[in-house]
1. Working carefully through the options ASN319, ASN260, find the one that is within 30 Å of SER110 (Cβ to Cβ) and of a type in the set (S, T, N, Q).
2. Check region 365-377 and report whether any residue there is among the polar types (S, T, N, Q), modelled with pLDDT under 95, out of contact with any Cys (no Cβ under 8 Å at 6 or more places or on another chain) and outside any loop (DSSP other than H, G, I, E, B).
3. When ILE236 is evaluated against the numbered criteria (1) within 16 Å of the ligand (Cβ to nearest atom); (2) in contact with a helix residue (DSSP H, G or I) (Cβ under 9 Å, 6 or more places away or on another chain); (3) not small (Gly, Ala, Ser), which criterion, by number, is the only one it fails?
4. Which count do you get for residues in region 264-299 that are farther than 18 Å from HIS337 by Cβ and of a type in the set (D, E, K, R)?
5. Can ALA140 be described as among the aliphatic types (A, V, I, L, M) and over 19 Å from the mean Cα position of the chain (by Cα)?
6. Which residue is farthest from LYS50 (Cα to Cα), if the candidates are limited to region 63-76 and must be among the aliphatic types (A, V, I, L, M) and surrounded by fewer than 20 Cβ atoms within 10 Å (Cβ to Cβ)?
7. For SER120, are the conditions met, namely being polar (S, T, N, Q), touching a Ser or Thr at 6+ places or on another chain (Cβ under 8 Å) and in a helix (DSSP H, G or I)?
8. If you go through region 337-349, how many residues are surrounded by fewer than 22 Cβ atoms within 10 Å (Cβ to Cβ) and away from the ligand (no atom under 13 Å from the Cβ)?
Amino acid sequence: MDFKYEAASIVAGAAGLDVNDIKDYVEVPAKPEMGDYAFPCFRLAKVMRKAPNMIAAEIAEKITDKGVFSKIEPVAAYINFFTDKSAYAAEVMKKIASDGENYGSLADGSGKTIVIDYSSPNIAKPFHVGHLRSTVIGGALYRIFEKLGYKCVGINHLGDWGTQFGKLIEAYKLWGSKEEVEEKGISELTSIYVKFHEEAEKDPSLDDRARAWFVKMQDGDEEALSLWKWFYDISIKEFERVYEKLGVKFDYYTGESFYNDKMAAVVQELKDKNLLTESNGAMIVDLEDAKMPPCLIIRTDGGTLYATRDITAAIYRKNTYDFDKCLYVTAIDQNLHFAQWFKVIEKMGYDWAKDLVHVPFGLVSLEDGKLSTRKGKVVLMEDLLDEAVKKTMGIINDKNPDLPGKEEVAKQVGIGAVIFDDLYNGRIKDIVFSWDRMLNFDGETGPYVQYTHARACSVLKKAGGAPDMAKVDFSALTDDASVDVIKMLESYPAKIREAASRYEPSVVARYLVDLAQAFNKFYHDNVILCDDERLRNARLAAVDAVRMVLKSGLALLGIKAPERM
Ligand code: ARG
């Protein structure tokens, strides 16, 4: 039962409006005396051309059937809805019990496909903390949309093509050693790449040779491609170690190289549609009418670009997956890139240009400055995750040294802390990395939510399991703390929906902290394992529902929920 929707239907019926137009207006008042739900009538002032309190009074007058509510009354500009607390508790709890693990699943997306392009690191470059955000935000959106019934296609659009690989081949030919690369992997590739840039400043002919290598790659030259493939394999091996630790998966690793043989047709299409113009020897799509700099399609040396591959990839994805939306999760500094090539797709006459969505996020920085590859000050993802696990192990050894399976718990909590911290903040916000903040078991953190989940598990274990729902008397859950918990539980599906519609996993992360806080208050105010069986059963049922929703919400974010910690 969607109580907000029920309240909106009643208002719509009385006011002669369409429920779909007003269903999002219903609020949850901060003070319980103001009802469990409230309809703000100022939202109707424009259409009804009356003062909001008059509207509230008039609509309330016309309501004849209270539906699921026990009381409906106008107060100033609001119509307040009161639920019958025990009926409400029973409704919510029974729904959760019958849905089980599927509670929160909706059918919004049935028959629809969402393509999500996320993580997408660059081959032969370190997988640094900046990639963390794309990886965890994209992974969370994948699971959130899946929960809403969408078919999701997760794509790792690896940066594995472009002139930089010509440079890398040239650098390897000049200074590389097979043994060193095999032993040190990406870090060795990065260091010869950096050396290339230093040397090319003194000797520009290096750049010409690098370009020639890339042209060879494009033309299918065997030597060039086998070196490239080797760099690719080495990089993927390192990336996959990180994905494994983060528990992230992709349906396809179709990086930029995948489009090498598909770009010519798209360039031709641009020509045929009269969109390509020459500019100083390069081919561009002019975007002056959209007040943007031109989108570069072919360089003066004939090479294709990042945008050329993105345009080709989008057309390929539309043809292959027939997506309803295609999301691109990247840093906010790529805003212009996406705006430009989305515009090119639109100019090509594809009406699905509107379904391409850039999902940008802010920067991650360390307390002492930005994390960038160019400055050479990078924090590697893998080191960071290992450090998180090590620090968590230290905390466990301090607080609960005899915890069984503590290595596994340290992994789940340490890595969960990093993921949660990233997702708790709104996407656009810049994040300053802080161990103290993210590993605080009492803060608004992953460990806090996990700890609350473990607490619920331990109560249930002591009680010998959850009670038989058929025997639970829900009128025992009408005290304020219980009602708060039940309201929080009820809002879970709506929160998932909100997270999806705003492409904002933080909605789920924040919800989990709120639910954990409501639960901890409930746990503090009520003796759960009391002698009164009626109370005990009802409270245990609530504990079990909280346990399940916390676990489910953490799973949406890609975080495990250990039963003990
Ligand atoms: N490889 C790019 C980078 O690290 C991100 C790619 C994002 N996806 C895309 N289709 N452009 O910045």
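The values are calculated or read from the model by the stated rules, or taken from the named source; none is laboratory data. This is a predicted model, so every value here is computed, not measured. Using ideal geometry, Cβ is built from the backbone for each residue, glycine included, and neighbour counts are taken over all protein chains shown.
1. Numbers: ASN260 fails: within 30 Å of SER110 (Cβ to Cβ).
Residue meeting the stated conditions: ASN319.
2. Our first condition is that a residue be among the polar types (S, T, N, Q); within region 365-377, this holds for 365, 372-373.
Checking which are modelled with pLDDT under 95 leaves us with 365, 372-373.
From the residues that got through so far, the ones that are out of contact with any Cys (no Cβ under 8 Å at 6 or more places or on another chain) too are 365, 372-373.
Pick out the ones that are also outside any loop (DSSP other than H, G, I, E, B) and you get 365, 372.
Among the residues of region 365-377, at least one is among the polar types (S, T, N, Q), modelled with pLDDT under 95, out of contact with any Cys (no Cβ under 8 Å at 6 or more places or on another chain) and outside any loop (DSSP other than H, G, I, E, B), which makes the answer yes.
3. Unmet condition: (2).
4. 6
5. Working: among the aliphatic types (A, V, I, L, M): yes; over 19 Å from the mean Cα position of the chain (by Cα): no.
Answer is no for this residue.
6. Our first condition is that a residue be among the aliphatic types (A, V, I, L, M); within region 63-76, this holds for 63, 68, 72, 75-76.
Still in the running and surrounded by fewer than 20 Cβ atoms within 10 Å (Cβ to Cβ): 63, 68, 75-76.
Values: ILE63: 18, VAL68: 28, VAL75: 16, ALA76: 13 Å.
That would be VAL68.
7. Details: polar (S, T, N, Q): yes; touching a Ser or Thr at 6+ places or on another chain (Cβ under 8 Å): yes; in a helix (DSSP H, G or I): no.
Against the criterion (polar (S, T, N, Q), touching a Ser or Thr at 6+ places or on another chain (Cβ under 8 Å) and in a helix (DSSP H, G or I)), SER120 does not qualify.
8. So the count comes out to 5.
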